[in-house]
């Protein structure tokens, strides 16, 4: 039986949105389990911080960073090609890059709508498309980030909910399309996880907080990014080999 600490030894991994929050936690977890990891993000300071953590842990020789806006098609193609070349292929891809905006739907401009969908949905597609040949060759796995907003009403988040619903649908489509080729595609739908993106969210002045976040009956408080990292590693590893085409909620039972 493979020990948990060995699940990603000699495996090549790419994690977007890894400068903070859940992407950061997953990138560090994959490295802790022996993976060769590239952490990408639009935030250079965030990447420097996570790289510093990797150096402290002694993973500097197999932990790299790349500044990347996943909505930039040319940049995505370039960075993904560089990662595949440097790491000798690609076994695991995590699409954690995303943005969140909260406005009354009547006040949601096309600029806000387009940017949220371009990062959360189109960005996920662009990274997957660039990585597919290498992932298919490796018979690897993709982990996408959906949200509880894709399945349940989250006021003021029309663009975000639409983008995450699209991610769940994309996940199922890819899983069905490439199952016979040996590629697995899964998604997680976090809810009630404390991250810099969530903590910095600006709500409308008249927002009804009770209508935004329902009680989390399991523990009554927000979770941490690390609460999701172990599940992500399992889904991407050989231990998740019988799981594909699903979106798994990680929300302390928020919508029970």
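Numbers for the structure displayed
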{"read-out": "In the stretch 9-24, the residues that are within 14 Å of the chain's Cα centre (by Cα) and surrounded by fewer than 24 Cβ atoms within 10 Å (Cβ to Cβ)", "value": "20"}
{"read-out": "Test for residue 169: is it at pLDDT 95 or above, outside any loop (DSSP other than H, G, I, E, B), within 18 Å of the chain's Cα centre (by Cα) and surrounded by fewer than 18 Cβ atoms within 10 Å (Cβ to Cβ)", "value": "yes"}
{"read-out": "Number of positions in the stretch 144-157 that are part of a helix (DSSP H, G or I) and either in contact with a helix residue (DSSP H, G or I) (Cβ under 7 Å, 6 or more places away or on another chain) or free of Cβ contacts under 8 Å to residues at least 24 places away in the same chain (or both)", "value": "2"}
{"read-out": "Filter result for residue 132 (part of a helix (DSSP H, G or I), modelled with pLDDT of 85 or more and within 30 Å of residue 82 (Cβ to Cβ))", "value": "yes"}
{"read-out": "Conditions (1) part of a helix (DSSP H, G or I); (2) within 29 Å of residue 11 (Cβ to Cβ); (3) touching a helix residue (DSSP H, G or I) at 6+ places or on another chain (Cβ under 6 Å); (4) modelled with pLDDT under 95; number of the one not met by residue 160", "value": "(2)"}
{"read-out": "Members of the stretch 209-256 found to be loosely packed, with under 12 Cβ neighbours inside 10 Å and either at pLDDT below 65 or part of a strand (DSSP E or B) (or both), listed by number", "value": "209, 210, 211, 217, 219, 220, 221, 256"}
{"read-out": "Pick from the stretch 133-143, criterion more than 14 Å from the chain's Cα centre (by Cα) and touching a residue at least 40 places away in the same chain (Cβ under 8 Å), ranking: surrounded by the most Cβ atoms within 10 Å (Cβ to Cβ)", "value": "135"}
{"read-out": "Unique residue being surrounded by 15 or more Cβ atoms within 10 Å (Cβ to Cβ), out of contact with any strand residue (DSSP E or B) (no Cβ under 7 Å at 6 or more places or on another chain) and within 14 Å of residue 131 (Cβ to Cβ) when the list is 84, 99", "value": "84"}
{"read-out": "Near pairs, Cβ below 6 angstrom, 6+ apart or cross-chain, from the stretch 121-132 (within 13 Å of residue 170 (Cα to Cα)) to any residue that is at pLDDT 95 or above and surrounded by fewer than 22 Cβ atoms within 10 Å (Cβ to Cβ)", "value": "121/166; 123/71; 126/73"}
{"read-out": "Unique residue being under 23 Å from residue 132 (Cβ atoms) and modelled with pLDDT of 95 or more when the list is 34, 52, 17, 46", "value": "17"}
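Conditions tested, residue by residue: (1) farther than 17 Å from residue 236 by Cα; (2) assigned to a helix (DSSP H, G or I); (3) touching a strand residue (DSSP E or B) at 6+ places or on another chain (Cβ under 8 Å).
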{"position": "5", "(1), (2), (3)": "no, yes, no"}
{"position": "22", "(1), (2), (3)": "no, yes, yes"}
{"position": "30", "(1), (2), (3)": "no, yes, yes"}
{"position": "40", "(1), (2), (3)": "yes, no, yes"}
{"position": "50", "(1), (2), (3)": "yes, yes, yes"}
{"position": "78", "(1), (2), (3)": "yes, yes, no"}
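The values are calculated or read from the model by the stated rules, or taken from the named source; none is laboratory data. Remember, predicted model here, so these are calculated numbers, not experimental data. Reconstructed Cβ throughout: ideal geometry from the backbone, glycine too, with neighbour counts over all protein chains shown.
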